[in-house]
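One structure is given below, encoded as C-alpha coordinates.
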Amino acid sequence: MTLKERISEDMKTAMRAKDGARLSVVRLLLAAMKQKEVDERLELTDADVLGVIEKMVKQRRESIAQYEKAARRDLADQEKFEIGVLQAYLPQQLGPGEVEQAVAEALAESGASSVKDMGKVMALLKPRLAGRADIGKVSALVKAKLEK
(Lines give C-alpha, C1' and ligand atoms only; values in the text may rest on other atoms or scores of the structure.)
Protein backbone atom coordinates (compact mmCIF):
# COMPACT_ATOMS: atom_id res chain seq x y z
CA MET A 1 0.00 0.00 0.00
CA THR A 2 1.41 3.38 -1.00
CA LEU A 3 1.53 6.26 1.43
CA LYS A 4 -1.14 8.05 -0.59
CA GLU A 5 -3.48 5.04 -0.28
CA ARG A 6 -2.75 4.79 3.45
CA ILE A 7 -3.71 8.44 3.94
CA SER A 8 -6.96 7.90 2.00
CA GLU A 9 -7.77 4.88 4.17
CA ASP A 10 -7.04 6.90 7.30
CA MET A 11 -9.51 9.51 6.12
CA LYS A 12 -12.21 6.86 5.81
CA THR A 13 -11.31 5.48 9.24
CA ALA A 14 -11.55 8.96 10.80
CA MET A 15 -14.92 9.46 9.12
CA ARG A 16 -16.26 6.18 10.50
CA ALA A 17 -14.94 7.01 13.97
CA LYS A 18 -16.46 10.51 13.75
CA ASP A 19 -13.05 11.96 14.67
CA GLY A 20 -13.58 15.45 13.29
CA ALA A 21 -10.23 16.93 14.33
CA ARG A 22 -8.18 14.14 12.76
CA LEU A 23 -10.43 14.06 9.69
CA SER A 24 -9.86 17.77 9.15
CA VAL A 25 -6.07 17.37 9.14
CA VAL A 26 -6.14 14.33 6.84
CA ARG A 27 -8.45 16.14 4.40
CA LEU A 28 -6.13 19.13 4.43
CA LEU A 29 -3.21 16.82 3.61
CA LEU A 30 -5.11 15.13 0.79
CA ALA A 31 -6.04 18.54 -0.63
CA ALA A 32 -2.40 19.66 -0.56
CA MET A 33 -1.36 16.43 -2.31
CA LYS A 34 -4.05 16.86 -4.97
CA GLN A 35 -3.02 20.49 -5.50
CA LYS A 36 0.58 19.43 -6.10
CA GLU A 37 -0.58 16.76 -8.57
CA VAL A 38 -2.66 19.31 -10.48
CA ASP A 39 0.04 21.98 -10.43
CA GLU A 40 2.79 19.66 -11.63
CA ARG A 41 0.59 17.37 -13.76
CA LEU A 42 2.01 14.17 -12.31
CA GLU A 43 1.13 11.30 -10.02
CA LEU A 44 2.80 11.73 -6.64
CA THR A 45 5.27 9.11 -5.48
CA ASP A 46 5.79 8.30 -1.79
CA ALA A 47 8.83 10.63 -1.80
CA ASP A 48 6.67 13.46 -3.19
CA VAL A 49 4.01 12.83 -0.55
CA LEU A 50 6.70 12.94 2.16
CA GLY A 51 7.82 16.29 0.76
CA VAL A 52 4.27 17.65 1.04
CA ILE A 53 3.98 16.39 4.61
CA GLU A 54 7.35 17.86 5.63
CA LYS A 55 6.35 21.21 4.13
CA MET A 56 3.08 21.19 6.06
CA VAL A 57 4.87 20.31 9.32
CA LYS A 58 7.34 23.16 8.75
CA GLN A 59 4.47 25.61 8.14
CA ARG A 60 2.79 24.55 11.35
CA ARG A 61 5.98 24.95 13.37
CA GLU A 62 6.32 28.50 12.04
CA SER A 63 2.67 29.16 12.94
CA ILE A 64 3.21 27.84 16.47
CA ALA A 65 6.05 30.31 17.00
CA GLN A 66 3.85 33.20 15.86
CA TYR A 67 0.86 32.08 17.92
CA GLU A 68 2.98 31.77 21.04
CA LYS A 69 4.37 35.28 20.51
CA ALA A 70 0.78 36.53 20.29
CA ALA A 71 -0.21 34.55 23.42
CA ARG A 72 -2.71 32.44 21.48
CA ARG A 73 -2.20 29.13 23.27
CA ASP A 74 -5.40 27.66 21.81
CA LEU A 75 -4.21 28.11 18.23
CA ALA A 76 -0.71 26.87 19.06
CA ASP A 77 -2.21 23.72 20.62
CA GLN A 78 -4.29 23.12 17.46
CA GLU A 79 -1.16 23.40 15.30
CA LYS A 80 0.69 20.97 17.61
CA PHE A 81 -2.14 18.47 17.24
CA GLU A 82 -1.93 18.80 13.44
CA ILE A 83 1.83 18.22 13.55
CA GLY A 84 1.23 15.04 15.55
CA VAL A 85 -1.21 13.72 12.94
CA LEU A 86 1.10 14.63 10.05
CA GLN A 87 4.23 13.19 11.66
CA ALA A 88 2.53 9.82 11.96
CA TYR A 89 3.01 9.48 8.19
CA LEU A 90 6.71 10.30 8.26
CA PRO A 91 9.23 7.45 8.52
CA GLN A 92 11.26 7.01 11.70
CA GLN A 93 14.05 9.60 11.83
CA LEU A 94 17.61 8.30 11.69
CA GLY A 95 19.93 8.87 14.61
CA PRO A 96 23.08 10.99 14.27
CA GLY A 97 25.28 7.89 14.00
CA GLU A 98 23.20 6.45 11.18
CA VAL A 99 23.28 9.75 9.29
CA GLU A 100 27.05 9.96 9.66
CA GLN A 101 27.39 6.39 8.41
CA ALA A 102 25.22 7.16 5.35
CA VAL A 103 27.32 10.27 4.64
CA ALA A 104 30.57 8.28 4.96
CA GLU A 105 29.23 5.62 2.57
CA ALA A 106 28.14 8.26 0.04
CA LEU A 107 31.52 10.00 0.25
CA ALA A 108 33.32 6.71 -0.40
CA GLU A 109 30.93 5.71 -3.19
CA SER A 110 31.18 9.03 -5.02
CA GLY A 111 34.92 9.44 -4.52
CA ALA A 112 34.35 13.03 -3.42
CA SER A 113 37.45 14.86 -2.27
CA SER A 114 36.50 18.55 -2.12
CA VAL A 115 33.53 20.86 -1.69
CA LYS A 116 33.25 20.96 -5.50
CA ASP A 117 32.03 17.33 -5.35
CA MET A 118 29.27 18.13 -2.86
CA GLY A 119 26.56 17.94 -5.54
CA LYS A 120 27.47 14.33 -6.36
CA VAL A 121 27.34 13.32 -2.71
CA MET A 122 24.02 15.07 -2.08
CA ALA A 123 22.54 13.49 -5.22
CA LEU A 124 23.28 10.09 -3.66
CA LEU A 125 22.04 11.02 -0.19
CA LYS A 126 18.77 12.82 -0.96
CA PRO A 127 16.85 9.75 -2.17
CA ARG A 128 18.36 7.54 0.54
CA LEU A 129 17.52 9.87 3.41
CA ALA A 130 14.29 11.45 2.14
CA GLY A 131 11.97 11.96 5.06
CA ARG A 132 14.32 10.19 7.44
CA ALA A 133 16.80 13.01 8.08
CA ASP A 134 16.94 16.80 7.85
CA ILE A 135 18.58 17.34 4.46
CA GLY A 136 19.86 20.77 5.54
CA LYS A 137 21.76 19.24 8.43
CA VAL A 138 23.01 16.43 6.19
CA SER A 139 24.26 19.02 3.70
CA ALA A 140 26.13 20.87 6.45
CA LEU A 141 27.69 17.60 7.62
CA VAL A 142 28.81 16.72 4.08
CA LYS A 143 30.29 20.19 3.62
CA ALA A 144 32.16 19.94 6.92
CA LYS A 145 33.62 16.55 5.98
CA LEU A 146 34.66 17.75 2.51
CA GLU A 147 36.37 20.87 3.89
CA LYS A 148 38.77 18.77 5.98
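The values are calculated or read from the model by the stated rules, or taken from the named source; none is laboratory data. Here the structure is a predicted model, which is why all the values come from computation and not from measurement. Here the Cβ is made from the backbone with ideal geometry for all residues, glycine too, and neighbour counts use every protein chain on show. Ligands, DNA and RNA are excluded from the accessible area calculation, which covers all protein heavy atoms including side chains. Shrake-Rupley method; radii C 1.70, N 1.55, O 1.52, S 1.80 Å.
Restricting region 1-26 to residues that are within 21 Å of Leu50 (Cα to Cα) and among the acidic types (Asp, Glu), which is surrounded by the most Cβ atoms within 10 Å (Cβ to Cβ)? This residue is Asp10. Scan region 105-115 for residues that are of a type outside the set (D, E, K, R), free of Cβ contacts under 8 Å to residues at least 12 places away in the same chain and assigned to a helix (DSSP H, G or I) and the total you get is 1.
From the list Val49, Val38, Val57, Val26, the one residue that fits, being within 26 Å of Ser8 (Cα to Cα) and touching a Lys or Arg at 6+ places or on another chain (Cβ under 6 Å), is Val49. Per the listing Gln101, Gln78, Gln66, the residue uniquely modelled with pLDDT of 95 or more and surrounded by fewer than 16 Cβ atoms within 10 Å (Cβ to Cβ) is Gln66. Considering Ser139, Ser110, the condition of being surrounded by 17 or more Cβ atoms within 10 Å (Cβ to Cβ) and of a type outside the set (A, V, I, L, M, F, W, C) is satisfied by Ser110 alone. Could you tell me whether Ser24 is polar (S, T, N, Q), more than 30 Å from Arg128 (Cα to Cα) and part of a helix (DSSP H, G or I)? Criteria met by Ser24.
Against the list (1) of a type in the set (A, V, I, L, M, F, W, C); (2) open to solvent by 50 Å² or more (accessible area, probe 1.4 Å); (3) not in a loop (DSSP other than H, G, I, E, B), the condition Ala71 fails is (3). Inspection of region 86-93 finds a residue satisfying the criterion of being within 17 Å of Glu54 (Cα to Cα), part of a helix (DSSP H, G or I) and either modelled with pLDDT of 90 or more or in contact with a strand residue (DSSP E or B) (Cβ under 7 Å, 6 or more places away or on another chain) (or both). Taken residue by residue, region 8-16 has at least one member that is assigned to a helix (DSSP H, G or I) and either β-branched (Val, Ile, Thr) or at pLDDT below 95 (or both). Scanning region 27-41 for residues that are touching a helix residue (DSSP H, G or I) at 6+ places or on another chain (Cβ under 8 Å) and either open to solvent by less than 70 Å² (accessible area, probe 1.4 Å) or aliphatic (A, V, I, L, M) (or both) turns up Leu28, Leu29, Leu30, Ala32, Met33, Lys36.
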